[in-house]
Each structure stands twice: as C-alpha cells, then as structure tokens.
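**Student:** Here it is: the structure, laid out below.
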Amino acid sequence: MYTLGIVCGFVALATVLVGNERIPYEHALRLAVPTAIGLVCTVVGRQVMLPKLRELDRDDPRFGRLHQWSAMPNSTTLGALVLAMAAAVTR
C-alpha cells in the first residue's frame, strides 16, 4: 500500500510540476502543496512507522498506541489529497 502511494505521489507531483507551464503559478501551488504533504506523510508511514510496528507483537500494549499514531499520517494523506482534488476541480 505504501509503495503504491509513494509511486503515485511522485507521479502526481511530477505531473503538477511539469504542467506548471500551462497553468498559473497559484493553481500549481494549490495542487503541489497538498500532494507533497501527502507524499511526505506516506513516506513517514512506510519508513518510520511501519518498521516500528513490525518490531512489536500485536499483544504488546505499545502496539495499539503506535498503531494509533501511525494512522495519523495516513489520515493526513487522505485529507491532503482531498484538498488537492478540490483544487483540481475548482480551477
């Protein structure tokens, strides 16, 4: 899931940056910022949170707390992508 999200994030960000010549700077920024935030959150989820979760047993009380923390970047990614979609359709 994370790898696919990272690949899609880079493709989306590259598309916005390459298409920057065809769209106004402000609109490109409204698309690029939430996309970059989602990409960063996905990378943090995969590179930081996932390895820590894999180290713990599911019965470990720390697992539940860490799992809640790992859901935060995922939720932020979804929110950022909703903002990017809103920016794309309200152009």
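**Student:** Name the residues in the range 53-91 that are without any contact (Cβ under 8 Å) to a residue 40 or more places away in the chain and touching a Ser or Thr at 6+ places or on another chain (Cβ under 9 Å), would you?
**Tutor:** Within the range 53-91, 53, 73, 74 meet the criteria.
**Student:** Could you check, for the range 58-81, whether at least one of its residues is more than 17 Å from residue 1 (Cα to Cα) and hydroxyl-bearing (Ser, Thr, Tyr)?
**Tutor:** no
Conditions (1) surrounded by fewer than 16 Cβ atoms within 10 Å (Cβ to Cβ); (2) under 20 Å from residue 70 (Cβ atoms); (3) modelled with pLDDT under 90, marked per residue:
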{"site": "3", "(1), (2), (3)": "yes, yes, no"}
{"site": "10", "(1), (2), (3)": "yes, no, no"}
{"site": "15", "(1), (2), (3)": "yes, no, yes"}
{"site": "25", "(1), (2), (3)": "yes, no, yes"}
{"site": "29", "(1), (2), (3)": "yes, no, yes"}
{"site": "35", "(1), (2), (3)": "no, no, no"}
{"site": "39", "(1), (2), (3)": "no, yes, no"}
{"site": "44", "(1), (2), (3)": "no, yes, no"}
{"site": "47", "(1), (2), (3)": "yes, yes, no"}
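**Student:** OK, next. Considering the range 49-87 alone, what residues qualify as being surrounded by 16 or more Cβ atoms within 10 Å (Cβ to Cβ) and β-branched (Val, Ile, Thr)?
**Tutor:** Correct list: 76, 77.
The values are calculated or read from the model by the stated rules, or taken from the named source; none is laboratory data. If you're wondering where the values come from, they're calculated on a predicted model, not measured in any experiment. Reconstructed Cβ throughout: ideal geometry from the backbone, glycine too, with neighbour counts over all protein chains shown.
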